[in-house]
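> The structure follows.
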Amino acid sequence: MYSAERHIEVLTEGTGHTGVIQNAIRAEGIVRQVALQVPSFLAVAQIVSETDLLAMVPTHYALLTQRRESIKVYRLPFPSPRYVIKQHWHSRFHRDPANIWLRQTVAKLMPSTVRREPLTNRQTGK
């Protein structure tokens, strides 16, 4: 049972992701046993593969890391929350070629399941 397991909680401060996840869990009346809190997703798959902990992570991340770590991927026992991922930059860098390249590269790396809208001129700086 999901709530009986020991969990890793990813606290991505400043992104809004943490609040979305915590609100979804609370709305379902689930109380998790958080055994470990980490500041990012970077080591979550390795920690899960080497312990008896589980973590709630984006599907794309889970499927990618499953290729290199010995982990199992399960569906959540409640509806998965949706949220928007955005890029932000200072207006003085809006037309900066290096910043435009970086924004385009990051946007293109997002899987099509996440990137539901086509890239716009505002996102790319063109």
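No value in this document is a laboratory result; all are computed from the given coordinates. As the structure is a computational prediction, the values presented were derived from the model and not from experiment. Quick reminder, even Gly has a Cβ in these numbers, built from the backbone with ideal geometry, and neighbours come from all protein chains shown.
> Which stretch or stretches of region 71-90 have amide N atoms under 18 Å from the point lying 7 Å from GLN33's Cα along the Cα→Cβ direction?
Taking a point 7 Å out along Cα→Cβ of GLN33, the residues of region 71-90 whose backbone N falls under 18 Å are 77.
> Among MET110, MET1, MET56, which comes first, then next, by fewest other beta-carbon atoms within 10 Å? Could the numbers behind the result be given before it?
Values: MET110 14, MET1 6, MET56 19.
Least to most surrounded, the residues fall as MET1, MET110, MET56.
> Another question, if that's okay. Please list, in chain and number order, the residues 5+ apart from LEU36 or on another chain whose amide H is under 5 Å from its amide H, with Hs placed from the backbone.
So LEU36 has HN proximity to HIS7, GLU9.
> With a ≥ b ≥ c the root eigenvalues of the C-alpha gyration tensor of region 2-66, is it rounded (a/c under 1.5), prolate (a/b larger than b/c) or oblate? Present the calculation step by step, with values, prior to reporting the outcome.
Values: a/c = 1.63, a/b = 1.18, b/c = 1.38.
Oblate, since a/c reaches 1.5 and b/c is not below a/b.
> So what is the relative contact order of the chain, in percent, for Cα pairs below 8 Å that sit 6 or more residues apart? Please list the in-between numbers first.
On the way: 107 pairs, mean separation 28.8, N = 126.
So the answer I get is 23 percent.
> Could you give me D for the chain, from Stokes-Einstein at 25 °C and 0.890 mPa s, where the hydrodynamic radius is the Kirkwood radius over C-alpha pairs? Units µm² s⁻¹, please.
Details: Rh = 16.6 Å.
Diffusion coefficient, whole number: 148 µm²/s.
> Turning to a different aspect of this structure: Determine the sum of side-chain charges near PRO79: Lys and Arg each +1, Asp and Glu each -1, restricted to other residues whose C-beta is under 14 angstrom from that of PRO79. List each step's numbers first, then the result.
Details: positive: ARG26, ARG75, ARG82; negative: GLU28.
Taking every other residue near PRO79 into account, the sum is +2.
> Could you run the Karplus curve 6.51 cos²θ - 1.76 cosθ + 1.60 with θ = phi - 60° over region 35-41 and give me ³J(HN,Hα) per residue in whole Hz, x for Gly and Pro?
So the Karplus estimates, Gly and Pro as x, are 9, 8, 10, 10, x, 7, 7 Hz.
> Less than 13 Å Cβ to Cβ from VAL38, Lys/Arg counted +1 and Asp/Glu -1: what total charge do the surrounding residues give? Walk me through the numbers on the way to the answer.
Details: positive: none; negative: GLU9, GLU13.
The answer is -2.
> Give me the angle, in degrees from 0 to 90, between the Cα long axis of helix 17-27 and the longest principal axis of the Cα atoms of the chain, rounded to the nearest 10.
The two axes meet at around 40 degrees.
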